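Encoded as structure tokens, the structure appears first; notes follow it.
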Amino acid sequence: MFCGSKNDPDETRPNVNVCPVCLAHPGTLPVINREAVKHVLKVGLAVGGKLADYTEFDRKNYFYPDLPKGYQLSQYEYPLVSGGELGGVALTRIHLEEDTASSMHNESTNATTIDFNRSGVPLMELVTEPVIHSVEEAGDFARELQLLLRYLGASDANMEKGEMRVEANISVGKGGVLGTKVEIKNLNSFRAMERAVAHEIKRQTKLLERGEEVVQQTLGWDEGKQATFPQRIKEGSADYRYFPDPDLPSLLLSEIAEFGKEKLVSEIPEMPSQRRQRYLSLGIKSEDAGLYVRERKLGAFFDEVTALLGSGDSKGILLASNYIANDLVNLIRYKADKQPLVRDTEQRDADYQSEIPISARNFKKIIDLQLEGKIQSRSAKNILLACTKGAGDPVVYAESNSLLLNEDNNSLTATIDKILKGNSSAVADYKSGKAAALEFLVGLAMKELRGAADPIKLRQLLDNKIRPEKS
Ligand SMILES: [Zn+2]
């Protein structure tokens with residue numbers, strides 16, 4: 001945030017991405033990272049927050065071995081962004097600070113070692129208003145934030161890599177009055193966050209029901225025990241003795257051209273919520289829309305197919321979406337060793353890393369064949385499968401595999417005559433009222449025609465032949 005050391009969450013060797021500034025050597029001076037400020041301002045614009053005009057960095061003073069300066073550079077009075085809203089959750093503020101080093105305790109040697117690679121990495125802190133009322137809402141909000149950061153290119157926001165961390169504050173209260181809040185730290189996946197929040201709600205509820213008090217404190221989450229545990233009694237902000245850092249200039253953002261609102265807005269792409277809205281307006285299922293927003297490669301493929309179909313072709317778009325969200329996703333999933341879709345691990349990204357194994361143009365041809373009544377839906381699925389395995393042009397494939405529905409009434413009639421002739425007992429059964437006998441005959445005819453016929457039409461033709469008086 002204030003030096004040129006590399007920010008590499010994949011670095012496994014300790015203490016390699018460090019320099020005198022982030023190691024707090026005497027006489028070193030910090031320099032503000034423009035890109036980090038820009039990213040936070042864009043997040044602020046994307047959530048409709050108010051960008052600061054005047055801003056400054058403050059020293060948050062406390063001692064801890066992972067903080068060599070004895071203070072953390074953060075923002076207190078003048079955060080970069082105030083207010084805003086994301087996924088229906090009101091935001092309080094967004095500010096920028098530097099990360100601390102990470103300390104690791106080794107139980108067997110009873111020694112604590114410190115890795116300064118993370119020391120000084122830019123950290124955007126986003127605080128919400130206390131308006132989230134359930135585990136589900138908390139999970140939805142955190143996932144929406146992750147998507148937003150990815151869309152903006154501000155961060156990959158992988159929780160497993162520590163690129164995004166959640167600190168959940170929970171307070172159980174009565175009659176709309178908030179009780180004492182506790183904060184849970186060290187949550188490194190959405191699942192851990194959801195379990196920890198659920199656990200904490202239960203724990204506080206029990207305490208209150210027994211007439212006991214909730215202590216304001218910071219808790220950790222023990223993944224093994226699936227329980228929270230106390231870390232330290234929470235300090236009040238007064239304890240940190242915040243004051244503006246004398247080594248850094250305060251900023252008047254409106255006077256810095258590259259932080260100009262118009263310029264920043266022009267660099268913001270379509271946001272997840274806008275994208276979701278656009279998909280829903282096409283009339284597709286909300287689960288499909290959610291999938292395309294989360295999995296951007298699938299979304300891009302759907303966009304391509306929609307462009308080919310034309311946005312007015314709602315029937316085609318709906319059919320295409322069904323095949324993409326179900327059949328195509330399954331084909332890709334099976335390709336990736338039948339891995340279930342994992343949402344918030346590195347695997348999530350790998351799932352769609354493999355290219356979508358069919359071009360939008362060929363995919364659209366399959367949709368056209370079915371919409372024009374030339375193939376059955378079963379054939380469409382077979383053609384899709386074949387094309388993802390390199391079958392080439394869907395129309396050529398359908399022709400050469402006799403999947404096109406037989407429009408030739410003469411050959412249909414000839415087939416029906418042949419079937420009726422060879423199955424007189426089934427014909428008699430049907431005449432005497434056994435409906436299943438007709439299905440048997442339809443099946444035989446379908447087989448004879450190698451599936452290239454409309455079963456409804458066949459059923460009608462057979463029925464007319466056997467019971468002409470009914471028609
Ligand atoms: Zn450094």
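The values are calculated or read from the model by the stated rules, or taken from the named source; none is laboratory data. Because the structure is a prediction, the values reported are computed rather than measured. Reconstructed Cβ throughout: ideal geometry from the backbone, glycine too, with neighbour counts over all protein chains shown.
Side notes on the structure shown:
- Just so you know, in region 359-372 the residues that are free of Cβ contacts under 8 Å to residues at least 40 places away in the same chain and of a type outside the set (Asp, Glu) include one that is farthest from Ile456 (Cα to Cα), and it is Ser359.
- Any hit, region 61-70, residues being away from the ligand (no atom under 16 Å from the Cβ), closer than 30 Å to Asp239 by Cα, buried (at least 20 other Cβ atoms within 10 Å of the Cβ) and assigned by TED's automatic domain parsing to the domain that holds Ile114: no
- Within region 19-54, being of a type in the set (A, V, I, L, M), within 33 Å of the chain's Cα centre (by Cα) and within 16 Å of the ligand (Cβ to nearest atom) holds for Ile32, Ala36.
- Of all the listed residues (Ser379, Ser424, Ser400), the sole one being without any contact (Cβ under 8 Å) to a residue 24 or more places away in the chain and under 44 Å from the mean Cα position of the chain (by Cα) is Ser400.
- Of all residues in region 149-168, those satisfying the criterion of being assigned by TED's automatic domain parsing to the domain that holds Leu41 and not in a loop (DSSP other than H, G, I, E, B) are Leu149, Arg150, Tyr151, Leu152.
- Residues that are loosely packed, with under 14 Cβ neighbours inside 10 Å and within 11 Å of the ligand (Cβ to nearest atom) within region 1-15 comprise Gly4, Lys6, listed in sequence order.
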